[in-house]
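Asker: Structure provided below as structure tokens; questions to follow.
Values in this text are rule-based calculations from the coordinates and carry no lab data. No experiment lies behind these values; they were computed from the predicted model shown. Counting neighbours? That spans all protein chains shown, and the Cβs are built from the backbone with ideal geometry, glycine included.
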Amino acid sequence: MVSMTVVNVQGGLSRRRMLGALGLLGGAPAAVWAATGSAVMPSSVPAAHSDARYAQAWRAMSRVGYGPTAALSAQVLAAHEPRLWALQQVDAAYAQSQKPPLIDTDTADFAMPLPLIFEGAQQERQARVRVKQATAEQTSPSPVRRMGKKDLADAPEPEHFSRRLAMQAAAWRLLAASEPERENPLLARLTEFWFNHLNVFAGKGSARPFVGHYAVHVIRAHALGRFEDLLLASARHPAMLHYLDQVQSAAEGSRGMQGRVRGLNENYARELMELHTLGVQGGYSQTDVRELARVLTGWTVSPQDPSGFRFAARVHDTGAKRVMGVAFGDTSGRGGEQEGDDAIRMLARHPATAQRISRRLAQFFVADQPPEALVQRLSATFSRTQGDMRAVMRELLQAPQMWDADNRLFKTPLDFACSALAVVRSGTSEATDGRTLLQTARFLHDAGQPLHGWQTPDGYATDAATWMAPEALTRRTDFALTLARNAAEPAFLRPYTSAATLEAVDRQPAAMRAGLMLASPDFMYK
Amino acid sequence: MTPDHDGVSRRALVRGLMAAPAVWAAPVLWAQSRSGGHRSTAGRDGQDGRLVVVFLRGAYDGLSALVPYGDRHYYAGRPNIAIAPPDGTQQTTLALDAMFGLHPAFAPLMPLWKQGVLAALPTAGSPHATRSHFEAQYHWETGAVGERSARPGWLNTLAGLRMQAQGAAAPGASDGAGRQRASGAVPVQGIAMGIGEANPQILSGTAPVQLVPKGQAATRQGALGNGRTRDAVMGLYAGNDELSRMFRQGADSRMQTADTLNQEAMQTPDEPALNTAKMVAANNGAGSVRGLLLDVQHLSTLMRQNQHLRLGFVSAGGWDTHANQGNATGLLARSLGDLAAALVQLRAAFSQPNDVVLVCSEFGRTAQENGTRGTDHGHGNTLWVMGNQVQGGRWHGQWDGLAPDQLHEQRDLPVHHDFRAVLAQVLRVNQGLDAAQLQALFPGVAWDKRLDGLMRA
């Protein structure tokens, strides 16, 4: 598990040192930040590039990250080729994933050691009983809805513990996505991808305290690693164990506390096969679901162990099982906790899993209907390397389809929000404040894509068919105009903007232009 | 292929909104004039009905809503989560007949049952045996069971069929209120609407659809409310490309929506339940059952104020009760109570002679409880139909009880009635669709004569 070092980002590290540490320097001259704090294009960068180069740079920044900032744009344009820059991010992202994330000191509780989170959650339950809140746990507020500045940092009431953690986690995700100097863009992207693939819902009370920790220590930590390691880490984490009711599952007829008879819960086993690995056509049956559930009995949480995981042998089903034709249980010699490990690795290595994940990656990075040849190539690489994400991402980023202008991608609300934040943030030396984060979270919530707030384990789709809707477009423009109301016009965006949009923007007063550029059709695609 | 924007009727609508008393009178006039001018050319007379579909995502437990208390297997299989048989007290089933009763949380629906406008089908569903929520929802929303290729939603296809029929009828007619309609024109937003920002599959397709966000976001005009910014923004989307046209459509419909809802809010006295719903909708994740009441309220207002809208869609999640489901009280009971409140509101808003409300879910849940006092994914489920055209006050279809050998794969309610056959029965009457149109909507689906008694002819 990656250990956590918390840094005070505002005061501690100079921006330049951070950029250096993150491997993002090189090519671009140092003085990107003018004395006034507004971003300017360094004079030594060539005045213009070809349209094709700008298009490639836009695509690289918008897909391998969350869009351009002044600094990022300068860097990518100065690289030999934007495509090459994209490829370089694979190793850079991996390197950063092995280091702790940069989280502001006073908002880092969400990633603290699990035993502390368990303790806080328990105190929260007790506090709630004391406070006698009327709303039951399952209908308690979605955390991002009530975010306030003080909720993020100050010592709040214990009964708001998990909500505070959830808000901190959401804030971190937004900052990581919109500040390339804080988090490698590709790492932020893959954190999103994998969180969505192995989705947990912050609105489920029992899972809520753990969702941020899950995002950092499971998803981010393994985002560029081997898929089966990521999957196993997910399977053993309290967020997932609670979200899909695995903690409640026990061998049929086993006795729980107070002598209560317990039994099997299929929820996690089903979604593990249907969504996390094989896919609904992946060749498993209802019987396989049940058998896998039997294999996984005993997998539960530990409030004391640093891993948060415990194998409860007492409720484990020790009988013989058969999952997709493979024997598990005491007849095969494997047993106990190892069974679950083996079953999960088996599913991770199944060819249908390679297919499913490759298709999702191609949809996420390339096109809503990705070319089949690309999906197959990625799948072959996935299988050959046992799910090594660096190998798969290199394959993807070098594929011609990735850079083909015909493969358009419409931004999801999350893409739109983070790319807008990145632009506005780029023009100032101040940190993104709590109010802005709150506005952003509210926008995402209204748009139907709240952070860590997708209710079902399938995760959200990223295609235009889902997100391109008439009124939804107008809400994006609202958000953009509000966000950028005090921002100077982002000159660095102009080369990426069409003549028609520039003409429409230039007709308007200067104060409006930043918002209009973010609200324009050009900014809706990545 | 979006029809040109009908500037005349929009101005008239806005004018109508400004004169408050006229707003309430207008719908009645409109309804009367409708039968004169805008009947569909195919199908039965005056069957220009409105249809609202309420989709419960996550497979709600119908056996807890329409309780088969008369079947001993129900109690044998659900020792912890069964609803106690009726004994006249609060926490027990409300008897409907010797076999079935309502969950006590559904008490507000009892008057509707007794009035004969509410009916249930306990064993409806998709013939496909998938227990994947997402796959099953896709089948329900497209009507193309078993297919995975891209398909339009059936509500969108239905909207297209109706708009074709309307366009073919009486071009250039004027309605009773004297508003001249341009030839063949349908409002640019179409005749179907849904609550929810992302495009629900059931509404996706080539027919234009109005999508309004869940919760209070629907009431806000945002930047478009300021003339200056509105002009500046519209200048960005002046082109002929798909995105620009869509943007302009969205801008128009959004302003109308906000206008309509805010007018309504100004005129409606404060209702505690609604305020709670607003508060809770603002606090909860949108899409919860508690938020459903507010969404239903918005749907009702928008469809009342814009009589062009004939098809409506809302959804609510949170039904996937794998653990600790509860019985007469608890998690599911609360959701059922919230649903009942929403359905009462829908009935109040959609009680014209040819209004129908449908409540459905992608599949049911296991007849027996699981090891964690919940239920797992099943097959057949209870489908509810509400409206004057419905033979209410009774349940319809085949019921063989819950003995294990009567269950699908020994665990689930069987599907005796393909949901598309149920829809065919409803739409034939409510939408005036003929056999050819029903086949276009649901290719290959056979007519289910056993349900001929579902709708009043």
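Asker: Using the Cα centre of segment A:345-459 as origin and beta-carbon charges of +1 (Lys, Arg) and -1 (Asp, Glu), tell me which of A:GLN449, A:GLN363, A:VAL392 is placed farthest towards the positive end of the dipole.
Answerer: The residue sitting farthest along the positive end of the dipole is A:VAL392.
Asker: Continuing with the same structure: Taking H placed 1.01 Å from N in the peptide plane, check which residues at least 5 places from A:VAL261 or on another chain put their amide H under 5 Å from its amide H.
Answerer: A:GLY256
Asker: If you don't mind, another one. Projected onto the charge dipole of segment B:388-457 (+1 at Lys/Arg Cβ, -1 at Asp/Glu Cβ, origin at the Cα centre), which of B:PRO414, B:GLY397, B:ASN430 gives the Cα projection farthest towards the positive end?
Answerer: B:ASN430
Asker: Jot down the radius of gyration and Dmax of segment A:150-303, Cα atoms only, both in angstrom.
Answerer: So, for segment A:150-303, Rg and Dmax equal 17.3, 55 Å respectively.
Asker: Can you give the percent of C-alpha pairs in segment A:286-354 whose distance is more than 18 Å?
Answerer: Beyond 18 Å sits 39 percent of the P(r) for segment A:286-354.
Asker: Please tell me which of these pairs span more than 29 angstrom C-alpha to C-alpha: B:LYS214/B:LYS449; A:LYS526/B:LYS214; A:LYS204/B:LYS214; A:LYS99/A:LYS321; B:LYS114/B:LYS449?
Answerer: B:LYS214/B:LYS449; A:LYS99/A:LYS321
Asker: Also: Per residue of B:367-373, what is the mean number of Cβ atoms on other protein chains within 10 angstrom of that residue's Cβ?
Answerer: Averaged over the peptide's residues, the number is 6.
Asker: Using only the Cα atoms of segment A:40-126, what semi-axes does the equivalent ellipsoid have when each is the square root of 5 times a gyration tensor eigenvalue? Give whole Å, largest first.
Answerer: Calculated on Cα positions only, the semi-axes equal 41, 14, 11 Å.
Asker: Over chain A, what lengths in whole Å, largest first, do the semi-axes of the equivalent ellipsoid take, defined as the square roots of 5 times the eigenvalues of the alpha-carbon gyration tensor?
Answerer: Each semi-axis is the square root of five times an eigenvalue, giving 41, 27, 20 Å.
Asker: Work out from phi, with θ = phi - 60° and the Karplus expression 6.51 cos²θ - 1.76 cosθ + 1.60, the ³J(HN,Hα) of each residue of segment A:424-431, listed in order in whole Hz, and give x for Gly and Pro.
Answerer: 5, 5, 4, x, 9, 9, 8, 6
Asker: Where the Cα atoms of segment A:280-434 are projected onto their three principal axes, how long is each span, largest first, in whole Å?
Answerer: For segment A:280-434, the Cα extents along the three principal axes come out at 61, 44, 26 Å.
Asker: What is the helix-to-structure angle for A:510-519, meaning the angle in degrees between its Cα long axis and the longest Cα principal axis of chain A, kept from 0 to 90 and rounded to the nearest 10?
Answerer: Result, in degrees: 40.
Asker: Size of the dipole of chain A about the Cα centre, Lys and Arg at +1 and Asp and Glu at -1 on the beta carbon, nothing else charged, in debye to 20?
Answerer: Dipole size: approximately 400 debye.
Asker: Here's a follow-up. Quick check of the Kirkwood formula: for segment B:96-162, what is the inverse mean of 1/r over all pairs of different Cα atoms, in Å?
Answerer: Computed over Cα pairs of segment B:96-162, the Kirkwood hydrodynamic radius comes out at 14.9 Å.
Asker: Related question: Looking at segment B:391-432, what % of the alpha carbon pairs are farther apart than 14 Å?
Answerer: In whole percent, the long-distance tail amounts to 61.
Asker: Nearest 20 debye, what's the magnitude of the dipole of segment A:61-121 about its Cα centre given +1 on Lys and Arg Cβ and -1 on Asp and Glu Cβ?
Answerer: Once rounded to the nearest 20, the dipole reads 360 debye.
Asker: How large is ³J(HN,Hα) for each residue in segment B:350-361, as worked out from phi by the Karplus curve 6.51 cos²θ - 1.76 cosθ + 1.60 (θ = phi - 60°), to whole Hz, x for Gly and Pro?
Answerer: Once rounded to whole Hz, the list reads 10, 10, 5, x, 10, 9, 10, 10, 10, 10, 8, 8.
Asker: Additional query: Please average, across the residues of B:230-242, the number of beta carbons from any other chain that are within 10 Å of each residue's own beta carbon, and give a whole number.
Answerer: Other-chain Cβ atoms within 10 Å of each residue's Cβ, averaged: 5.
Asker: Partner chain Cβ atoms within 10 Å, averaged over the residues of B:215-228 - can you pull that number for me?
Answerer: That average works out to 3.
Asker: For segment A:397-525, take N as its residue count and report Rg(C-alpha) divided by 2.2 N^0.38 Å.
Answerer: Ratio of Rg to 2.2 N^0.38 Å for segment A:397-525: 1.11.
Asker: Could you run the Karplus curve 6.51 cos²θ - 1.76 cosθ + 1.60 with θ = phi - 60° over segment B:445-457 and give me ³J(HN,Hα) per residue in whole Hz, x for Gly and Pro?
Answerer: Ordered by residue, 3J(HN,Hα) equals 8, 7, 5, 9, 5, 4, 9, 4, x, 5, 10, 6, 4 Hz.
Asker: Follow-up question, since we're still on this one. Which whole number in µm²/s is D for segment B:339-402 by Stokes-Einstein, with the Kirkwood Rh taken over Cα pairs at 10 °C and 1.306 mPa s?
Answerer: The Stokes-Einstein estimate is 113 µm²/s.
Asker: Hey, another quick one. Once you charge only the Cβ atoms, +1 for Lys and Arg and -1 for Asp and Glu, what is the size of the charge dipole of segment A:244-353 about its Cα centre, to the nearest 20 debye?
Answerer: 200
Asker: Also, quick follow-up: Roughly how many whole Å is it from the C-alpha centroid of segment B:250-269 to that of segment B:194-219?
Answerer: Taking the Cα centre of segment B:194-219 as reference, the centre of segment B:250-269 is 16 Å away.
Asker: If amide H atoms are built 1.01 Å from N in the plane of the peptide, which residues on other chains or at least 5 residues away come under 5 Å of the amide H of B:LEU102?
Answerer: B:VAL67, B:LEU94, B:ALA95, B:LEU96
Asker: Taking only DSSP H segments of four or more residues, each worth -39500 (n - 2.57), what value at 222 nm results for chain A once the sum is divided by all its residues, to the nearest 500 deg cm²/dmol?
Answerer: Helices in chain A give a 222 nm mean residue ellipticity of -14500 deg cm²/dmol.
Asker: Hey, another quick one. Any chance you could check the Cα centroid distance between segment B:130-151 and segment A:389-428 for me, in angstrom?
Answerer: 30
Asker: Segment B:316-424: which GluC sites (Glu not before Pro) are DSSP loop and have at most 16 other beta-carbon atoms within 10 angstrom?
Answerer: Answer in residue order: B:GLU409.
Asker: Moving on to the next point. Give the Rg/Rh ratio for segment B:303-457, taking Rg as the radius of gyration of the Cα atoms and Rh as the Kirkwood radius, to two decimals.
Answerer: Result for segment B:303-457 is an Rg/Rh of 0.99.
Asker: Whole angstrom only: what separates the Cα centroid of segment B:398-457 from the Cα centroid of segment B:319-369?
Answerer: Between the Cα centre of segment B:398-457 and that of segment B:319-369, the gap is 20 Å.
Asker: Turning to a different aspect of this structure: Please give me, ordered by residue number, the trypsin sites (Lys or Arg not before Pro) of segment B:391-454 that lie in loop per DSSP and have at most 16 other Cβ atoms within 10 Å.
Answerer: B:ARG394
Asker: Right, here's the next one. For A:TYR525, enumerate residues with amide H under 5 Å from its amide H, sequence gap 5+ or separate chain, H modeled in the peptide plane.
Answerer: Answer set, sorted by chain and number: A:LYS411.
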